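The values are calculated or read from the model by the stated rules, or taken from the named source; none is laboratory data. It should be emphasised that the depicted structure is a prediction, and the values quoted were computed from it without experimental measurement. As a convention, Cβ positions derive from the backbone with ideal geometry for all residues, glycine included, and neighbour counts pool all protein chains shown.
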Amino acid sequence: MIKLYDGGVYLVNGTEVVPEAEAAKVEALTGTSPGKEEAKTGTIAYNILKAHNQADTMDQLRIKFDAMASHDITFVGIVQTAKASGMEKFPLPYVLTNCHNTLCAVGGTINEDDHMFGLSAAKKYGGIYVPPHIAVIHQYMREMHAGCGKMILGSDSHTRYGALGTMAIGEGGGELVKQLLEDTYDVAYPGVVAIYLDGKPQPFVGPQDIALAIIGAVFKNGFVKNKVMEFVGPGIRSMTTDYRNGVDVMTTETTCLSSIWETDEDTKAFLEEHGRGDDYKKLAPADVAYYDGCVYVDLSTIKPMIALPFHPSNVFEVDEVKANAKDIFAEVEKEAAKVAGGRAEFTLSDKIVDGKVVVQQGVIAGCAGGNYTNVVEAANALRGKSCGYGEFSLSVYPSSQPVNIELTRNGAIADLMAAGAIIRSAFCGPCFGAGDTPANNGLSIRHTTRNFPNREGSKPGNGQMAAVALMDARSIAATAANGGVLTSAEELDCWGNVPEYHFDKGVYEKRVYQGFRKGTGEDLVYGPNIKDWPEMSPLADNILLKVCSKIMDPVTTTDELIPSGETSSFRSNPLGLAEFTLSRRDPEYVGRSKSVDVLEKSRVAGDDVLAKEPELTGIFETIKTIPGQEDIEIPATEIGSMVYAVKPGDGSAREQAASCQRVIGGLANITKEYATKRYRSNVMNWGMLPFQMDAEPDAFEVGDYIYVPGIRKALDDNALENIKAYVIKDGKTSELDLYITPMTENEREIVKAGCLINFNRNRKK
């Protein structure tokens, strides 16, 4: 059972949840009656944030982190941006892992060139470099850096180490650049929601089952959006820390800001085993702590779960799908038709054979699935059995070489291989479409982090489509033991025999470059695909936006804004990567935006813009009919492209979802709301305006122009609540009421400068 409380709650003595409406009970239970504001300071989150806050107030936080982490899709761009902004060294431990473009399978030398750039950056600036195949980013950080009371920032959305007492946040690269320049992460104090765990999971239930159940309960209603999920309650003690890590990493899929857990003796044992016992301290809420909401989870009631395509919140019990597959699959097929857009076909009804659901592939991998306990339990299910010789296949990716070494020593790897499973190295590819892409129309069950459209690597634009359903490693292994017939882990009785884990640090000592505070200043190593960021102009007094895409889907993911998979290989070339922007959602967008960018570059160069685009003559004549705009000057009006999307930015932290728009002419987004803080931050860090509007976007279509006068002054005056804009269409104007939710002073200055790089350069002058 999962219950969401209406309104805030008090947690008393760490065990009793008291709804705010019954606050009088608090005094009866404790003999004291702290006010709500005082009780807010009793959360674990409050105290960690306070310890890292550089501001004089807790209302608007200015955070400095203890460490950072990036992988090889993001670290080149971050280092390039920081270098262009004047960075001379890494001022905090910065871990560069190579777990995304690991295979070097696309684009010739460009992936390994990025890796060599990363090694040279670690040497030059004093960083930590983890070579390919050694560890996925989050497992390395769990093993080597996370600790109680710390804060870690990562350029990957699944930067979550709450089960180790660390508040970790995944953000776009711009926020990491700020830390490298010794600036702060600025955010309003977030709401804190208690995730109260009670009871004990059934032996056949794994961390993914619990995570999916929670995601299903809170994602669609935004219950924890941009808040901190604080895990409390007696149920925590029923899980090992390795198991908790598997639940914690999936909190990203709720759209929360971060997570934190109570710590205990098992947390201490985990840190001691990894040689970091000094990083342990007991974290628990105060005797009376106030939370802005509460999710009550009775762990004993959670069953094996499955998240069907195309989102981790599309959650069902495995048994429910088996019993009602025809009706449930019919709804998924409707969504598949929308995703495919007539370019491909995906069916699930054909996966029902003789009344049973058959799948084509299983994958256990990455920071969620590749943990030690998960792989051991998979081996328990498959010991002495066979995956079969049909179309079904199983791949297992241990999350780090130390994990792999221990699994090899205790025989789990041999048991999996003997059953027909393929063992691979530490690699994040199955999470974003760069490894184990299934056959066309295939259904893959995965213990990974996401099942967004095409995250498994298919390309509907090429007439091919597959899909992913998320499951726990235990049920995936049970399905493998049944030859690919969908099977709940509850149907097996083999769980709980998990040998004690022994951490072998030797491979890290031999292969990981530990350069913190040892910067050599030597040159960076550039491959031919690594390009500098193009110049971006500062914001003008007025802006003229051409609508270049209009997306009416309820949610637009970062994968749709800039696809994952093989395109990630081009992420060190800003203009090259930008050619893929919205390619799977609106293939004409890039051409439209680039044509607008040509006009803006002409304006900046002082050329005659009207001669290049005759239709602008009529546009500007119409603008002059707006009261107060009779004397508008073209040189004072920036021209850029605009995307309308209902709710963009769910998913990855990758800044390229915004930077790709910007480098080919993007100047603004208009939305009803932003799915995540991190995407909105990316938009601002790349000099784009994060407009919102409450009205339906009926007044404009692709190809229309929107004029926003006085936007620079509005930013100067911080007058963002009511921004008047005008749709210019057929020689007439119609008003739009836009607004921008609060921006910090630095965010306003960054947008005025044109991007974070310009802002930092200006500060150096």
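Within region 1-19, being under 32 Å from the mean Cα position of the chain (by Cα) and either buried (at least 18 other Cβ atoms within 10 Å of the Cβ) or charged (D, E, K, R) (or both) holds for Lys3, Tyr5, Asp6, Gly8, Val9, Tyr10, Leu11, Val17.
Annotation note: of Gly651, Gly665, the sole residue that is over 21 Å from Lys178 (Cβ atoms), within 17 Å of the chain's Cα centre (by Cα), touching a residue at least 24 places away in the same chain (Cβ under 8 Å) and surrounded by 24 or more Cβ atoms within 10 Å (Cβ to Cβ) is Gly651. Only one of the numbered conditions (1) outside any loop (DSSP other than H, G, I, E, B); (2) surrounded by fewer than 16 Cβ atoms within 10 Å (Cβ to Cβ); (3) in contact (Cβ under 8 Å) with a residue 60 or more places away in the chain; (4) of a type in the set (Lys, Arg) is not met by Lys518, and that is (1). Going by what's in this entry, would Ala307 be described as farther than 29 Å from Pro19 by Cβ and within 24 Å of the chain's Cα centre (by Cα)? Criteria met by Ala307.
Which of the residues spanning region 379-410 are in contact with a strand residue (DSSP E or B) (Cβ under 6 Å, 6 or more places away or on another chain) and farther than 19 Å from Asn101 by Cα?
Cys387, Ser393, Leu394
Residues that are modelled with pLDDT of 95 or more and either basic (Lys, Arg) or over 27 Å from Val604 (Cβ atoms) (or both) within region 527-550 comprise Lys546, Lys550, listed in sequence order.
Of the set (1) surrounded by 14 or more Cβ atoms within 10 Å (Cβ to Cβ); (2) closer than 30 Å to Arg654 by Cβ; (3) in contact with a helix residue (DSSP H, G or I) (Cβ under 6 Å, 6 or more places away or on another chain), all apply to Gly86 but (1). Between Asp327, Asp319, Asp354, Asp350, the distinction of being free of Cβ contacts under 8 Å to residues at least 12 places away in the same chain and on the phi < 0 side of the Ramachandran plot belongs to Asp327 only. At least 3 residues being more than 18 Å from the chain's Cα centre (by Cα), assigned by TED's automatic domain parsing to the domain that holds Glu345 and surrounded by fewer than 21 Cβ atoms within 10 Å (Cβ to Cβ) is the threshold, and among the helices (runs of 4 or more DSSP H) wholly inside region 364-457 those reaching it are 401-409, 412-418. For region 716-736, how many residues are exposed (fewer than 13 other Cβ atoms within 10 Å of the Cβ) and either part of a helix (DSSP H, G or I) or without any contact (Cβ under 8 Å) to a residue 24 or more places away in the chain (or both)? Here the count works out to 7.
If the condition is being surrounded by fewer than 20 Cβ atoms within 10 Å (Cβ to Cβ) and either under 23 Å from the mean Cα position of the chain (by Cα) or more than 17 Å from Leu539 (Cβ to Cβ) (or both), then region 737-763 contributes Asp737, Tyr739, Thr741, Pro742, Met743, Thr744.
Do we have any residue at all in region 684-693 that's closer than 27 Å to Glu535 by Cα, assigned by TED's automatic domain parsing to the domain that holds Arg712, surrounded by 23 or more Cβ atoms within 10 Å (Cβ to Cβ) and touching a Ser or Thr at 6+ places or on another chain (Cβ under 6 Å)? The answer is yes; a qualifying residue exists.
A single member of Ser572, Ser564, Ser568 is closer than 30 Å to Pro93 by Cβ, touching a residue at least 40 places away in the same chain (Cβ under 8 Å), buried (at least 17 other Cβ atoms within 10 Å of the Cβ) and in contact with a His (Cβ under 8 Å, 6 or more places away or on another chain), and it is Ser568. Among the residues making up region 26-43, a single one is of a type in the set (S, T, N, Q), in contact (Cβ under 8 Å) with a residue 60 or more places away in the chain, over 17 Å from Leu283 (Cβ atoms) and surrounded by 13 or more Cβ atoms within 10 Å (Cβ to Cβ): Thr30.
Before we move on, is Val228 modelled with pLDDT of 95 or more and over 25 Å from Cys431 (Cβ atoms)? No.
When Ile48 is tested against (1) touching an Asp or Glu at 6+ places or on another chain (Cβ under 7 Å); (2) β-branched (Val, Ile, Thr); (3) under 30 Å from Asp292 (Cα atoms), only condition (1) is not met.
Say whether the condition of being more than 24 Å from Asn682 (Cα to Cα), of a type in the set (Val, Ile, Thr), assigned to a helix (DSSP H, G or I) and in contact (Cβ under 8 Å) with a residue 60 or more places away in the chain is met by at least one residue in region 133-152. Looking through region 133-152, none of the residues is more than 24 Å from Asn682 (Cα to Cα), of a type in the set (Val, Ile, Thr), assigned to a helix (DSSP H, G or I) and in contact (Cβ under 8 Å) with a residue 60 or more places away in the chain. Apart from one condition, Pro499 fits all of (1) over 29 Å from the mean Cα position of the chain (by Cα); (2) within 30 Å of Lys303 (Cβ to Cβ); (3) crowded, with 20+ Cβ neighbours inside 10 Å; the exception is (3).
Looking for something farther than 30 Å from Lys123 by Cβ, outside the structural domain of Lys677 (by TED's automatic domain parsing) and surrounded by fewer than 20 Cβ atoms within 10 Å (Cβ to Cβ) - is there at least one such residue anywhere in region 582-599? No: region 582-599 contains no residue that is farther than 30 Å from Lys123 by Cβ, outside the structural domain of Lys677 (by TED's automatic domain parsing) and surrounded by fewer than 20 Cβ atoms within 10 Å (Cβ to Cβ).
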